[in-house]
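This report refers to the structure that appears directly beneath it.
We did not get these values from a lab; they are worked out from the coordinates using the rules stated. Everything numeric here is computed off the predicted structure, so don't read it as measured data. Glycine also receives a Cβ, built like all others from the backbone with ideal geometry; neighbour counts cover every protein chain displayed.
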């Protein structure tokens, strides 16, 4: 790829992943039930070492993994990504006991993880969480003193209600807004925890969870009390560029299908690709896809270089924004250029048309990404302006006289 070339080993790995997705994972995905967790598919991801790569790979390799799987089997990509999203807080903030108990099963595809952040009244504004963690001096998840009782609801949680454990964010009240949120690892069999499936456009499992005095103790905390919002944001910053990679994989699949279709479909005395209107649209689809791909890789590279750098959240937001909006554009125009055949159940583009819509909403809607970008830009501008004023004062002195 000109301008941002992958090395030969990376290119070969991506080719192997696309082949694996199409030949091995795709048939398993086809046997799954829409709206349910596909455990055989997860086991296959574990068997091939791909779930391990979610936790050990850098951000760029994670993007290559997700893009390649999405090209050949979106269900496999989604299953892999949800495991990473649900279990990454355990890896990054969990205790040694929590990691030893849960992560081997996640890596093997035996244990299903879920990331439980969204609520009926707190989607894009994650700091507005209402799930209450009330002090429970009598006990907690492990029966010790100093625990909490979780009461409230989570909604639009991927892998719910079938996950084996949930990373749950609740309000413990150490401070206002984000400062009073803590993260907990809650096993699915904890008393008082129930759930139901939601019938959604996306084909993977999504559900609602109800917490009726669910006991949790200090041993269930992920990180420190009142620091859970940081755990959530660190996880999202880690995965946002790779959400963009998922979108790029879908866009590339739609683009390649469109090239093949318009190169052979005859109309008006020639093939569709000979028509300038069609050729120009395909050129626009390809250009936008390439631009999104490069921005995703750049954001991942920035994260790998220094995940704590102040521009990393902005770069991640830009990558997710451009890639998901681009994928929507490309898939929509691919459907238009294919015509009615693309609307038939079972057609690749019919499948992608259903899949491509959700990424513009989850892990921060496009509007949230624009807000993150703008705040970062104005914050940086303000710092630069302040530094400029300080430099002028240092040069001219308090009275404006040159020193």
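Each peptide in 43-54, 343-354, 234-245 was scored by the mean count of other Cβ atoms within 10 Å over its residues; highest first, the order is 234-245, 43-54, 343-354.
Taking a ≥ b ≥ c as the square roots of the eigenvalues of the Cα gyration tensor, the stretch 49-149 is oblate, since a/c reaches 1.5 or more and a/b is not larger than b/c.
Calculated on the alpha-carbon coordinates, the convex hull of the stretch 177-322 measures out at 168 cubic angstrom per residue.
Packing order of peptides 88-99, 12-23, highest average first: 88-99, 12-23 (average count of other Cβ atoms within 10 Å over each peptide's residues). Applying Stokes-Einstein at 4 °C and 1.567 mPa s to the Kirkwood radius of the stretch 263-320, computed over alpha-carbon pairs, gives a translational diffusion coefficient of 94 µm² s⁻¹. Among 270-280, 253-263, 107-117, sorting by the average number of other beta carbon atoms lying within 10 angstrom of each residue, highest first, gives 107-117, 253-263, 270-280.
Report the Cα centroid-to-centroid distance between the stretch 146-169 and the stretch 295-357 in angstrom, as an integer. Rounded to whole Å, the Cα centres lie 28 Å apart. You can think of it this way: the chain between residue 33 and residue 389 has 121.9 nm of extra reach, that is 0.36 nm per residue less the Cα-Cα gap. Each label was represented as a point 7 Å from its Cα along the Cα-to-Cβ direction; for residue 210 and residue 130 these points are 1.5 nm apart. Is the C-alpha gyration tensor of the chain telling us rounded, prolate or oblate? Criteria: a/c under 1.5 is rounded; beyond that, a/b larger than b/c is prolate, otherwise oblate. Because a/c hits 1.5 or more and a/b fails to exceed b/c, the chain counts as oblate.
Out of every Cα pair in the stretch 230-387, what percent are spaced more than 27 Å from each other? Cα-Cα pairs in the stretch 230-387 separated by more than 27 Å: 34 percent.
With contacts taken as Cα pairs under 8 Å at a separation of at least 6 residues, the chain carries a relative contact order of 14 percent. How would the stretch 8-108 be classified by its alpha-carbon gyration tensor: rounded, prolate or oblate, with rounded meaning a/c under 1.5 and the a/b versus b/c comparison settling the rest? Oblate shape, in that a/c is at least 1.5 and b/c is the bigger or equal ratio.
Per q in 0.09, 0.10 Å⁻¹, report the Debye log10 I(q)/I(0) for the stretch 113-225, using one uniform scatterer on each alpha carbon and no solvent. Computed log10 I(q)/I(0) values: -0.21, -0.26. If R₀ is 45 angstrom, what is the calculated FRET efficiency for the pair residue 266 and residue 19, using the beta carbon separation as r and rounding to 0.05? Efficiency for this residue pair is about 0.90.
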